[in-house]
Amino acid sequence: MSASTVSITANPASARRRPVVLGDKKSGANIELVPADNGANADDRAVSGNSKDLSHHSIRGGEAKDLAAVKKALGNSTISPRRARKVVPRAEKPRWLTVVSVFTKNVLLLVVLLGLVQLVRRLSMGPSGSVAEFTDFEGRIAEVEGMLKKTSKMIQVQVDVVDKKLGSEIGGLRKEFSKQIEDSSVMMRTDLKKLEAKSEAVEQSLRELKEGNWLSKEEFEKFIEEFMKGKGGVGDQSDVSLDDVKAYARDVVLKEIEKHAADGLGRVDYALFFGGGMVVKHSEPYLIGKGSTWFSISNRQGVHSDADKMLKPSFGEPGQCFPLKGSNGYVQIRLRTAIVPEAVTLEHVAKSVAYDRSSAPKDCRVSGWLQGQADAAAVDTEKMFLLAEFMYDLEKSNAQTFSVMDSTAHGLIDTVRLDFTSNHGSPTHTCIYRLRVHGHEPEPEMLAMQS
């Protein structure tokens, strides 16, 4: 029975499955299953000359028996025919190709050996060369370090120079600024001192203005009224010229001079000692020093010999007064003649020459009556009536005049009594420098009626 070969080409759809090759030992037939390569070039692969599909197979040189044996073998197989592939026997290499392959391998081995020898040689020669190279490298490193040190020193020197320069410049600027600030502070202090001096001068001027005897509104209106009366009451206040004011001021000054020459007030004083007035009674005097005993009291019913100082001009001399003991007391005065009273004037030492003004009387009351030929020291309370009640003000003029309340209703008087209930602070005594009584003498008919 001759050998035959069957070639079966598997379906491309099952190309991923593993092929199995089966052989029949009895018949000596060889069967090879070759799977298709993913369907590509499936027809190019042939077994024993031609390749067919499983449904269209070809049988070469066999007989019907051989075909039945093959089918039986395929039927007993557990592997699908689509997984089978053709097993091609390896062709034997030519001898010359084997010789060339061996020679090539030997040459490569020789090259490897030579490389190893060269490597060993380098390793054996390496230490001396590496030491030299390392020494050279260290030398270069040392050179670089030296250059770095030198450069750092130069940089440090430059930095020190710049630092010193900056320090000197900053010091100069600081000194300059300090000098400018000091100069400015000196100038400011000088200006402040000037301002303080000016402010003090302004305050002094204000104090002087406050202390000055300026005209009040009422006094100014009175001045304008008198001025217009002096002009005859003709024209309006807006028609007043500077020359008119100067002329009126000149007249006022002349009148004041005449008034000062005429006992300072320009009014008749009916209590004047040299005109016939006298002190007829007073409260307890304040006696010190030489006149401190009652031997200095005259025979006028217990009236002190210095009591007449209250009725004499003091000419502004401090101490020319009559002191009464305590802060309250009285003085009773007989006038030179019976008069119709108009005003009373109480005088004290001027502020500009006084040592102490606390002894000046403060709250005062003046009464009057017509005593006639009766005892001058007696007090007829039935005839007594109030003339004026006032307070002596130290901030005003030293001679202050107070008008009688109603001179026409009181009639004639020839005796007055000054009662004071307080002074301006002195606990020991109260000084009376001068008391004046002003008025006019009545007509003979009026005098006859009163008598």
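Quick note: the coordinates plus some simple rules give every number you see, no bench work behind them. Just so we're clear, the structure is a prediction, and the values are computed from it rather than from any experiment. Because the Cβ atoms are built from the backbone with ideal geometry, glycine has one as well, and the counts that use them run over all protein chains shown.
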Next item on the list: Mind checking which of Ser422, Gln373, Tyr355 is farthest towards the positive end of segment 340-451's charge dipole, using Cβ charges of +1 (Lys, Arg) and -1 (Asp, Glu) about the Cα centre?
Entry: Tyr355
Margin query: For the ranges 96-102, 414-420, what's the packing order if you count other beta-carbon atoms within 10 Å of each residue, average per peptide, and put the highest first?
Written below: 414-420, 96-102
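Any idea what the dipole of segment 295-427 comes to, in debye rounded to 20, about its Cα centre with Lys/Arg Cβ at +1 and Asp/Glu Cβ at -1?
280 debye
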Next item on the list: Past 23 Å, Cα to Cα, is the threshold; run Lys312/Lys362; Lys217/Lys312; Lys362/Lys383; Lys193/Lys351; Lys229/Lys255; Lys281/Lys312 against it and keep the listed order.
Entry: Lys217/Lys312; Lys362/Lys383; Lys193/Lys351
Checklist line | Ranked by how many other beta carbons lie within 10 Å on average, peptides 168-178, 329-339 from highest | finding: 329-339, 168-178
